Amino acid sequence: MTLALTSSHIAKPHVAREPKPPVNGLPLSLSNVEKRFGALSVLQHFSLDVPAGRFLAVVGRSGGGKSTLMRLIAGLDKPSSGTVSIGGAAVDGLNPDVRLLFQEARLVPWQRVGENVGIARGPRWQETARATLRDVGLEDRENDWPSVLSGGQKQRVALARALVSQPRILLLDEPFGALDALTRIEMHRLLETLWTARGFTTVLITHDVAEAVALADRVVVLREGAVALDIDIDLERPRRELADPRAVDLQRRILEAV
Amino acid sequence: MAEASLAGARTEASGASRRQPVSGRAPGQGAALRQRLAPWALPIAILILWEIASRSGLVTARLIPAPTSVAAAFWRLLLDGSLLYHTLASTQRAVIGLVIGGGIGFVLGVVNGLWRPAETFLDSTIQMVRNVPHLALIPLVILWFGIGETAKIFLVSVGVFFPIYMNTFYGVRTIDPQVVEMAEVYGLNRRAMILRIILPGALPSILVGLRYALGFMWLTLIVAETISATNGIGYMTMNAREFLQTDVVLLGIIVYALLGKVADLATRAIERRVLSWHPAYQGQEMGTP
Ligand SMILES: Nc1ncnc2c1ncn2[C@@H]1O[C@H](COP(=O)(O)OP(=O)(O)O)[C@@H](O)[C@H]1O
Ligand SMILES: [Mg+2]
């Protein structure tokens, strides 16, 4: 396992993160990863280390290979060369410790909300689903059909479905892109709360630089298949101050690199 | 192929058309009642005119019997039990044929939809045979099976097979691949995938197939029973024709129409029940041309 902690990660105490329980996330590491689709090379010499429990945001242009990166981490696809490893072990296919949230909620329309959350039907799935729905603010909706939910509620169900198995890595591929601004802010708070409480390692893909700065510990800009910028976001949480000049400055630096 | 069969597809906003017209509450009870009775006005007027025309000798009662004589025939055949007997005989054939032909169509539709090698091996043959109007097989079927029960059940089976097969296949094939991928990510095994994702997802299309199949089922039966049978509604009407009992012939036609309607209502009730998750209980429809 490679540790890529920069000095700032260790040195600066994060006051607001003090009550955080022991980290149960897994570290994530990509080294020299290359991914080709035929002649098209989407990722080249891509290396990245994410220590356990951190919140990483990946920003990049559309078609820049962000979803491809996610699929490699999730084990849905294999790199053409290089290695992806989770918790020190090379990724080989799907891993139940890793959950992935897509841009679309991808709920099963003919299963009720509770059945969607408990889709894997583990032991006592109904109770677990109910409890997790409560965590995402959807108590009492377990018997509804997905079609009656709003876009934000659907993503909450998808989030509950991802969290129900207590994953140690959560991957989010532009999950809030289709939501309106207010719902998006609600979802940010929810995600931050859940992450603080549960401590899973998080990788959030987004094209919204403000979202990246508002949520992540660290932002990586993916450009032309490689890391173009890698900066830490040392702002105390919760980050409610939208016009914080430090945040604005970080956003500007990220936008310049995209 | 799926593409070719899509050419015959048509979308029906069945959810909307099925709903009762909303009767305006404001103008009071009278208006609401008139709204409800309005669709019946024309048929009733036609029946009355028809009765008058028939009684006054304007039309030959022997060719077009009056509605009252049809009603009388209904009563007579109901009392002597023959109406029930023939209806049951027809229904039994219909159900057996539907179970056999529909069952095979369903299984082949699922297998071919899920498993490419089976599709490659079977689908083009099925599509080729589909272009033969199954009623054209009657002379051949009589040669093979004689004029007994087997021949009629065989014809019904063939008639219901294609709509069920095609719509099942289409339903399985057009499942949202994103949902399937999601289910794979969440570790559903093959069995759970088929039972909880693929079959329920294909169900709207399968039910459309069932509705078409029921139409073909009665149509086939009418023809088959008219050609050779010793009981059943088709036999009853052909027999009545020999004795110039036009009222019974007309009654037979009405019974067929009612049986068709009952089958359709039953399917719709099933749809409403099992597709309650669907915002409008609607799906892509696909008919056999
Ligand atoms: N399965 C695939 N086959 C061929 N090309 C693909 C495949 N998946 C992605 N690509 C291509 O790789 C590039 C990156 O896609 P993607 O990772 O989805 O970008 P992003 O998520 O950043 O918008 C695009 O040009 C896309 O067309
Ligand atoms: Mg993408």
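Could you check, for segment A:196-209, whether at least one of its residues is of a type in the set (S, T, Y) and open to solvent by 20 Å² or more (accessible area, probe 1.4 Å)?
Within segment A:196-209, one or more residues are of a type in the set (S, T, Y) and open to solvent by 20 Å² or more (accessible area, probe 1.4 Å).
Of B:V141, B:V107, which residue is β-branched (V, I, T), closer than 30 Å to B:I175 by Cα and assigned by TED's automatic domain parsing to the domain that holds B:Y165?
Every option except B:V107 fails the conditions.
What number of residues within segment A:211-255 satisfy the criterion of being open to solvent by 40 Å² or more (accessible area, probe 1.4 Å) and on the phi > 0 side of the Ramachandran plot?
1
Conditions first: (1) assigned by TED's automatic domain parsing to the domain that holds A:S41; (2) within 16 Å of ligand 1 (Cβ to nearest atom); (3) buried (at least 17 other Cβ atoms within 10 Å of the Cβ). A:V91 passes all but one, so which condition is the exception?
Unmet for A:V91, out of (1) assigned by TED's automatic domain parsing to the domain that holds A:S41; (2) within 16 Å of ligand 1 (Cβ to nearest atom); (3) buried (at least 17 other Cβ atoms within 10 Å of the Cβ): (2).
Report yes if some residue within segment B:173-190 is charged (D, E, K, R) and in contact with a helix residue (DSSP H, G or I) (Cβ under 6 Å, 6 or more places away or on another chain); otherwise report no.
Yes - at least one qualifying residue is present in segment B:173-190.
Does A:L56 qualify as being within 11 Å of another protein chain (Cβ to nearest Cβ), touching a residue at least 40 places away in the same chain (Cβ under 8 Å) and in contact with a strand residue (DSSP E or B) (Cβ under 7 Å, 6 or more places away or on another chain)?
no
Is it the case that segment A:25-34 has a residue that's part of a strand (DSSP E or B), open to solvent by 30 Å² or more (accessible area, probe 1.4 Å) and within 16 Å of ligand 1 (Cβ to nearest atom)?
Taking every residue of segment A:25-34 in turn, at least one turns out to be part of a strand (DSSP E or B), open to solvent by 30 Å² or more (accessible area, probe 1.4 Å) and within 16 Å of ligand 1 (Cβ to nearest atom).
Being buried (at least 22 other Cβ atoms within 10 Å of the Cβ) and at pLDDT 95 or above narrows it down to one of B:L84, B:L98, B:L108, B:L79, so name that one.
Within the list B:L84, B:L98, B:L108, B:L79, the selection yields B:L98.
Go through the residues of segment A:200-210 one by one and say whether even a single one is assigned by TED's automatic domain parsing to the domain that holds A:A57 and either acidic (D, E) or more than 18 Å from the chain's Cα centre (by Cα) (or both).
For segment A:200-210, residues assigned by TED's automatic domain parsing to the domain that holds A:A57 and either acidic (D, E) or more than 18 Å from the chain's Cα centre (by Cα) (or both): present.
Hey, can you tell me all the residues within segment A:193-218 that are more than 21 Å from A:P245 (Cα to Cα) and in a helix (DSSP H, G or I)?
Across segment A:193-218, the qualifying residues are A:T193, A:L194, A:W195, A:T196, A:A197, A:R198.
Could you tell me whether any residue of segment B:204-216 is more than 20 Å from the chain's Cα centre (by Cα), closer than 30 Å to A:I119 by Cα and within 13 Å of chain A (Cβ to nearest Cβ)?
No, that holds for no residue.
Could you give every pair whose Cβ atoms fall below 8 Å, whose first residue belongs to segment A:165-182 and is over 15 Å from A:L26 (Cα atoms), and whose second residue is more than 12 Å from ligand 2 (Cβ to nearest atom) and of a type in the set (D, E), counting only separations of at least 6 or pairs across chains?
Filtered contacts from segment A:165-182: A:F176/A:D208; A:F176/A:E211; A:G177/A:D208.
Can you list the helices (runs of 4 or more DSSP H) found entirely within segment A:63-166 that contain at least 3 residues being away from ligand 2 (no atom under 16 Å from the Cβ) and within 13 Å of chain B (Cβ to nearest Cβ)?
It comes to A:113-117, A:151-163.
Scan segment A:96-115 residue by residue and report those that are under 22 Å from A:T202 (Cα atoms) and without any contact (Cβ under 8 Å) to a residue 60 or more places away in the chain.
A:A105, A:R106, A:L107
For A:G177, indicate whether it is within 16 Å of ligand 1 (Cβ to nearest atom), closer than 18 Å to A:L69 by Cβ and open to solvent by 20 Å² or more (accessible area, probe 1.4 Å).
Yes, satisfied.
Take the residues of segment A:53-78 that are away from ligand 1 (no atom under 12 Å from the Cβ) and at positive phi: which is surrounded by the fewest Cβ atoms within 10 Å (Cβ to Cβ)?
Within segment A:53-78, the match that is surrounded by the fewest Cβ atoms within 10 Å (Cβ to Cβ) is A:G75.
Mind checking which residues of segment B:167-199 are in a helix (DSSP H, G or I) and crowded, with 19+ Cβ neighbours inside 10 Å?
Across segment B:167-199, the qualifying residues are B:N167, B:T168, B:F169, B:Y170, B:G171, B:V172, B:M182, B:A183, B:V185, B:I197, B:I198.
Quick check on segment A:213-223. Is at least one of its residues within 14 Å of chain B (Cβ to nearest Cβ), in contact with a strand residue (DSSP E or B) (Cβ under 7 Å, 6 or more places away or on another chain), within 15 Å of ligand 1 (Cβ to nearest atom) and in contact (Cβ under 8 Å) with a residue 12 or more places away in the chain?
For segment A:213-223, residues within 14 Å of chain B (Cβ to nearest Cβ), in contact with a strand residue (DSSP E or B) (Cβ under 7 Å, 6 or more places away or on another chain), within 15 Å of ligand 1 (Cβ to nearest atom) and in contact (Cβ under 8 Å) with a residue 12 or more places away in the chain: absent.
Is it the case, given these coordinates, that B:I164 is part of a helix (DSSP H, G or I), buried (at least 21 other Cβ atoms within 10 Å of the Cβ), at pLDDT 95 or above and at the interface with another protein chain (Cβ under 10 Å from one of its Cβ atoms)?
no
The values are calculated or read from the model by the stated rules, or taken from the named source; none is laboratory data. Small disclaimer: the values here were computed from a predicted structure and weren't measured. With ideal geometry, Cβ positions are generated from the backbone for all residues, glycine too; neighbour counts draw on all protein chains shown. Protein only, heavy atoms only, side chains kept; ligands, DNA and RNA dropped before computing areas. Shrake-Rupley method; radii C 1.70, N 1.55, O 1.52, S 1.80 Å.
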